[in-house]
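What follows is a set of notes on a single structure, which appears directly below.
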Amino acid sequence: MLLPNVFVEINHITNNSQWEEIEEDSRRKAAYLLMDSLESAIEVAVVNMDTERYNLAMDSLDLQVQVLEKKGVSVNGTVTLLAKQNQMEFHWETKKSKYHSDFAAISFIACTNMGKLLDVKELEMENKKFGKEHLELNSNLLMAIMTRSKQDLQNVTFTIKNKEEDDVDDYSVCVFLRETRERIFWSTTGCRKVFFNLSHTICNCRHLSNFAVLVALYKVESPALTIITYVGVSISLVALLAAIITFIMCRTIQSPRTSIHTHLCLCLFLAELLFLIGISKPESKAVCGAIAGVLHYLFLACFMWMLLEGFQLYLMVVKVFQAQSLRGKYTYPFAYGIPALIVIVSTAVYPEGYGTREHCWLTMEKGFRWSFVAPVCIICLVNLVFLVVTIWKLIQKFNSISPDLTYLQKIRLFIITAIAQLTVLGCSWIFGVFHFQRRTIALAYIFTILISFQGTFIFILHCVNNKQVRNEYRQWIANFCNFLKISKYSVFSESTRPSSSSQVGNSATSM
């Protein structure tokens with residue numbers, strides 16, 4: 001009768017509303033002491049148990065015990081324990097011994113309220129120092145207790161029921177509870193996430209002692225990342241605005257390719273402005289979904305214009321006589337219509353895909369992010385084919401007997417900038433895919449820097465790196481300086497010129 005009495009008491013204690021009145025650190029220590037008491041009671045009861053398997057379920061606690069080894073009991077093979085839709089599985093082989101007093105038992109407990117009472121806010125990752133992160137339990141707190149065994153369990157699999165069936169895989173990690181003299185914290189050492197879906201997370205652990213396993217939400221929250229994002233995007237917005245003005249005002253570079261650059265920069269400017277204002281505004285689900293949908297459309301439009309630039313270069317080198325055929329009446333429906341069609345289809349298929357728990361972007365649920373990643377990969381691949389064919393034809397023209405060096409050098413410069421642009425835009429989102437799939441500090445910084453400074457890179461590639469544009473800038477600066485000199489001279493002349501009344505007075509005095 002020990003375990004039922006202990007469970008009744010712990011069930012009553014954990015459901016008591018007075019926990020909220022206790023100071024946070026004291027509450028955490030008291031909850032940990034309660035877990036320790038529960039563990040001690042289970043170990044005492046299991047040793048004296050006269051059955052091979054025992055189950056006990058209450059509102060906030062669920063226990064299953066399996067005796068693995070004792071006189072008359074010998075378990076060999078896979079052992080599975082269940083508690084509140086959570087599963088623990090491992091392989092056990094009873095070792096032969098001349099002593100008949102060897103005893104081994106495993107207990108698996110699911111605690112509904114204990115995790116909330118502990119409210120542990122520190123996480124130690126294997127490749128990361130301690131940090132107070134955004135932590136939120138997405139499972140019951142689980143305890144696995146091995147009683148009086150000389151064997152260590154080296155490979156234990158936990159199938160853990162998620163509390164919320166949402167796209168939490170962005171940040172979920174498998175952790176266990178550790179205690180030192182200074183702190184109680186979660187740790188990932190020896191535990192890894194094997195599989196995730198909406199309802200369950202599968203964790204594999206290399207060790208087993210008296211510990212807890214759960215799924216936590218881990219989010220990289222670094223002030224440095226925030227500063228890089230805001231500074232980088234702000235600089236990019238200024239650079240993109242300068243590029244748009246340059247492409248419109250600079251007459252010497254007017255061409256279909258310049259028109260493509262103008263629309264590319266315009267789409268990227270609007271996307272980054274909306275990113276800066278609304279990416280972290282998930283309070284209203286409808287507004288957040290709308291922001292995510294518009295961002296989806298604008299970023300796809302950027303890649304469409306980049307594809308058109310690759311095609312334009314292909315026409316200029318391979319189809320010379322059709323180089324001017326890429327006009328607005330063809331490009332606008334293609335560059336703006338196809339992204340709109342993708343967004344419309346995506347919305348119709350899965351409208352809940354826009355907006356996540358943390359950001360106004362595409363959810364990972366049901367593979368929805370492939371509605372952006374797949375078109376981007378296809379566009380980058382097609383563009384790469386265009387560029388390879390263009391470079392091959394360019395090499396052949398350079399090897400001809402009388403090449404037009406000026407034209408070919410101009411094309412070569414265009415190709416270099418197109419490759420650089422493809423690298424900047426394409427690689428940034430490739431890093432983004434890896435970052436969303438496996439969040440690490442290194443990928444977070446690489447992705448943040450590349451995305452934040454996209455506009456700056458494009459301004460450098462197409463404006464600063466262009467000799468005609470630099471000459472135009474010099475002319476604009478010279479005209480502006482001349483204007484300032486003329487204005488300053490006019491003001492000085494007006495201030496030094498005597499008034500007509502003064503002149504008349506002076507004439508009268510002289511007479």
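The values are calculated or read from the model by the stated rules, or taken from the named source; none is laboratory data. The shown structure was predicted, so the numbers you read here are calculated from the model rather than taken from an experiment. We place every Cβ from the backbone using ideal geometry, glycine too, and count neighbours over all the protein chains shown.
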(message) within 27 Å of ILE277 (Cβ to Cβ), among the hydroxyl-bearing types (Ser, Thr, Tyr) and either modelled with pLDDT of 65 or more or part of a helix (DSSP H, G or I) (or both): is that true of TYR445 in this structure?
(response) yes
(message) Taking the criterion of being among the polar types (S, T, N, Q) and either part of a strand (DSSP E or B) or modelled with pLDDT of 85 or more (or both), would at least one residue in the stretch 213-230 satisfy it?
(response) no
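Rundown of residues vs (1) at positive phi; (2) crowded, with 16+ Cβ neighbours inside 10 Å; (3) modelled with pLDDT under 85, yes/no style:
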residue	(1), (2), (3)
ASN140	no, yes, no
MET143	no, yes, no
GLN151	no, no, yes
SER172	no, yes, yes
TRP186	no, yes, yes
CYS205	no, yes, no
(request) Return the total of residues in the stretch 78-104 being small (Gly, Ala, Ser), touching a strand residue (DSSP E or B) at 6+ places or on another chain (Cβ under 7 Å) and modelled with pLDDT under 90. (result) 1
(message) Within the stretch 16-29, take every residue that is part of a loop (DSSP other than H, G, I, E, B) and either of a type in the set (Val, Ile, Thr) or modelled with pLDDT under 85 (or both) and give me the one that is farthest from GLU179 (Cα to Cα).
(response) ASN16
(message) Can you pull out every residue in the stretch 12-28 that is closer than 18 Å to LEU142 by Cα and exposed (fewer than 14 other Cβ atoms within 10 Å of the Cβ)?
(response) ASN15
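The rows are residues; the columns are (1) within 15 Å of ILE109 (Cβ to Cβ); (2) touching a residue at least 40 places away in the same chain (Cβ under 8 Å); (3) acidic (Asp, Glu).
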{"site": "PRO4", "(1), (2), (3)": "yes, yes, no"}
{"site": "ILE42", "(1), (2), (3)": "yes, yes, no"}
{"site": "LEU68", "(1), (2), (3)": "no, yes, no"}
{"site": "VAL73", "(1), (2), (3)": "no, no, no"}
(message) Can you tell me how many residues within the stretch 245-261 are at pLDDT 90 or above and crowded, with 19+ Cβ neighbours inside 10 Å?
(response) 2
(message) Looking at (1) surrounded by fewer than 19 Cβ atoms within 10 Å (Cβ to Cβ); (2) closer than 30 Å to CYS288 by Cα; (3) modelled with pLDDT of 70 or more, which one does TYR354 not meet, given that it meets all the others?
(response) (1)
(message) Looking at (1) touching a helix residue (DSSP H, G or I) at 6+ places or on another chain (Cβ under 7 Å); (2) outside any helix (DSSP H, G or I), which one does GLU309 not meet, given that it meets all the others?
(response) (2)
